[in-house]
Amino acid sequence: MRYNDFGTWIRTAFPYRVQKISIDAGFTCPNRDGSLSTGGCIYCDNRTFNPAYCERKKTIRQQIEAGKNFFAGKYPEMKYLAYFQAYTNTYDSVENLKRMYEEALDVDDVVGIVIGTRPDCVSTELLNYLETQSRQTFLILEFGIESCNDATLQRINRGHSFACTVEAVEAAAERGITIGGHVILGLPGEDAEESVRQAAIISALPLHILKIHQMQVIRGTKLADIYEKTPFHVYSCDEYIRLIANYIQYLREDLVLERFVSQAPSQLLIAPNWGLKNYEFTHRLLKYMDEHDIRQGKLAGHL
C-alpha cells in the first residue's frame, strides 16, 4: 500500500469484522449554545454525515439496534463500534457521559466506542475515566483539529486555538488513549502550500489515526452565505488529488489514515460536486500515487 490505511489497521485489532454505528446523543457545542459563541463552525451541518438510522429522539440503545439492522447481512459475525459522532460528545457532566457511553457498550455485539469531540471539551476527570475505559474496551478519542493555523480557526468560528489542540492531544496520549484527529483541507484562507506546511505539524502530534477531507460548501451554513456573496476557490477533484498526495508524503509512516474525502448528500452540497463515491476517489488517488511514486512518509521531516 502507498499509505497506512485504517482498514488494515482495524483488522489487526479484532478477529472479526467491525462496523461503526453513528449515534446522535443530543449534544450541542460551546460555539453553538452561547458559551463561546453561537452558530457553530461556519461550514458545519451535521445532516451531512448523520445516517438515516441515527435519530436523536431515539435512545442510544435504540439507535444502535437500528444501526445493527441497517448493516445486517453485510458480513457474517459482524461486531460494532458505537460512534458518538454528532456535535461535541464530551460536552456534558462526566456523570452523564459515563451513563451514555456505558449504555452503548452494554448493547449486544458492541465491542468498542469512538468519541468525537473538540479539544477544549475534555476535562482531567473525563480523561482519567477514558483512560480506565480504554484498558477495558476498545476506545478511540477523536479530536476535531481542522487546522493548525490560529487565524483560520478564528475565521471559521472554531472557538479554540491550536495550542488548545496540542494540550488536549498530549494529555490524552499521556494516558495511553488511542487518539484520532480530523483535519479539513481547503478551508477559507488556506491554499495548498499552507495545507502542506501543516502536514508536518499534524504529524508531530501523538495521534494514532488521522481523517482528512476536502472543504465542502453546504446549503444553509454561514460558509454558503459567504460563498454566494464572494465566491472563493474550491478544489477540483484533480487538484485535490495532487494536494492530498503531496500532503501525506510529509506524514510519518505509522500514522493510520482513515479517509481522504467526505461526500455530503447532493441536496445539501453546493460545491465541490465531483460525482464520485469515496472508493472511486481512493482508486484515482492510488493510481496517481503509483504513477508518481508517492507514498506516505516519503518526505517526512523534510519541511
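Read-outs: derived from the displayed coordinates by stated rules, not from any lab. Just so it is clear, the structure is predicted and the values come from calculations on it, not from any experiment. All Cβ positions, even for glycine, are placed from backbone atoms using ideal geometry, and neighbour counts span all protein chains on display.
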If packing is taken as the mean number of other Cβ atoms within 10 Å per residue, what is the order of 211-223, 124-136, highest first? 211-223, 124-136
Please compute the alpha carbon radius of gyration of the chain, then divide it by the globular-protein estimate 2.2 N^0.38 Å. Two decimals is fine. 0.97
What nm distance separates the two modelled labels at residue 28 and residue 239, each placed 7 Å from Cα along Cα→Cβ? 3.7 nm
For a label point 7 Å from the Cα of residue 208 along Cα→C-beta, name the residues of region 71-97 whose backbone N is under 17 Å from it. 80-84
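Let me check I've understood the local charge: for residue 61, count other residues with C-beta under 14 angstrom from its C-beta, Lys and Arg +1, Asp and Glu -1. What total comes out?
On the way: positive: 56, 57, 58, 68, 99; negative: 24, 55, 65, 102, 103, 106, 108, 109.
Around residue 61, the charge tally is -3.
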Residue-by-residue Karplus 3J(HN,Hα) for region 131-143, coefficients 6.51, -1.76, 1.60, Hz, glycine and proline x: 4, 4, 4, 5, 7, 10, 8, 5, 8, 10, 9, 10, 9
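What is the count of Lys pairs in the chain whose alpha carbons sit under 15 Å apart, if the two are 8 or more places apart or on different chains? Walk me through the numbers on the way to the answer.
Numbers: 20/68; 20/74; 20/79; 20/211; 58/68; 68/79.
Pairs that pass both the separation and distance tests number 6.
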Inter-probe distance in nm under a simple model that places probes 7 Å from Cα toward Cβ, at residue 201 and residue 95: 4.0 nm
How far is it, in nm, from the label point at residue 38 to the one at residue 194 when both lie 7 Å from their Cα along the line to the Cβ? 2.8 nm
Can you list which of the GluC sites (Glu not before Pro) found in region 198-303 are DSSP loop residues with at most 16 other C-beta atoms within 10 Å? 253
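As an exercise, use a Förster radius of 30 Å and the Cβ-Cβ distance of residue 8 and residue 52 to find the FRET efficiency, rounded to the nearest 0.05. Write out the running numbers ahead of the final one.
Numbers: r = 29 Å, r/R0 = 0.96.
The calculated FRET efficiency here is 0.55.
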Once residue 291 and residue 151 are pulled to full extension, the length gained, defined as 0.36 nm per residue separation minus their Cα-Cα distance, is 46.8 nm
